[in-house]
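Below is one structure, written out as structure tokens; comments come after it.
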């Protein structure tokens, strides 16, 4: 279901100079324990971004997942980009989260970087779900204009693709803002804030339980701590595995 979106995202990244980066051995791809699913990941570095990760889980009719987070360079204070798309086939239920994830909750920061997301919120009212997110505090590392939807088949019939493309275009436009204006947050503080985001997310990531059910506890722990959130404090006590080059889609 999400393969066209995956292709669009990776094509966008490569078109802007993205280069594949090493992924810890064994984490670039994994088959489900019961053989009814596969997860694949990509890691990129590109101008303006020190790290951009992409993950695709395909469990056929039961479950479809596309997840991605973009981390700007530390000299760039612009928001992180977060995408979480999940389709639960048995329940015919879509959960979609797309956001410019702010480093700080500050009016001047919002005024500088979030006009595009505000427009998308008005353009796609279906993604203005007011339901409270269950695993995260929406007022920490999320913006007030978060695109959030819990819906049925009507949201997947073309609408998700349109919203996804518009969201990517809007996020790319933040680079112009960053390139033409000075940062108010110093690089050292940007680094600290990005690490704090990873720590917060690693402690609350609801997908960890889902990955465990499909791929086992040991693999899922490595995936969380070595690939999804490698700078989180939980990772310090773990030995680092050898690296191999990631594969391209």
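Per-residue ellipticity at 222 nm computed for the chain from its helices equals -10000 deg cm²/dmol, with DSSP H segments shorter than 4 residues left out and the rest contributing -39,500 (n - 2.57). Residue separation of residue 75 and residue 176 scaled by 0.36 nm, minus their Cα-Cα distance, works out to 34.9 nm of gained length.
So for the chain, what percent of the C-alpha to C-alpha distances run longer than 30 Å? When all Cα pairs of the chain are counted, 23 percent exceed 30 Å.
The order of the peptides 209-215, 225-231 by mean Cβ neighbours within 10 Å, most packed first, is 225-231, 209-215. Segment 63-131 and segment 157-226 have Cα centres separated by 9 Å. When you count the other C-beta atoms within 10 angstrom of each residue and take the mean per peptide, 184-191, 21-28, 93-100 line up highest first as 93-100, 21-28, 184-191.
What FRET efficiency comes out for the pair residue 221/residue 200, r = Cβ-Cβ distance, R0 = 22 Å, nearest 0.05? Result of the calculation: an efficiency of 0.75. With the highest mean first, a sort of the peptides 106-116, 48-58 on other beta-carbon atoms found within 10 angstrom per residue produces 48-58, 106-116. Taking a ≥ b ≥ c as the square roots of the eigenvalues of the alpha carbon gyration tensor, segment 140-219 is oblate, as a/c is not under 1.5 and a/b does not beat b/c.
Throughout, read-outs are computed from the coordinates displayed, never taken from laboratory work. A quick note: this is a predicted structure, and the numbers were derived from the prediction, not measured. Positions of Cβ are backbone-derived with ideal geometry, glycine not excepted, and every protein chain shown enters the neighbour counts.
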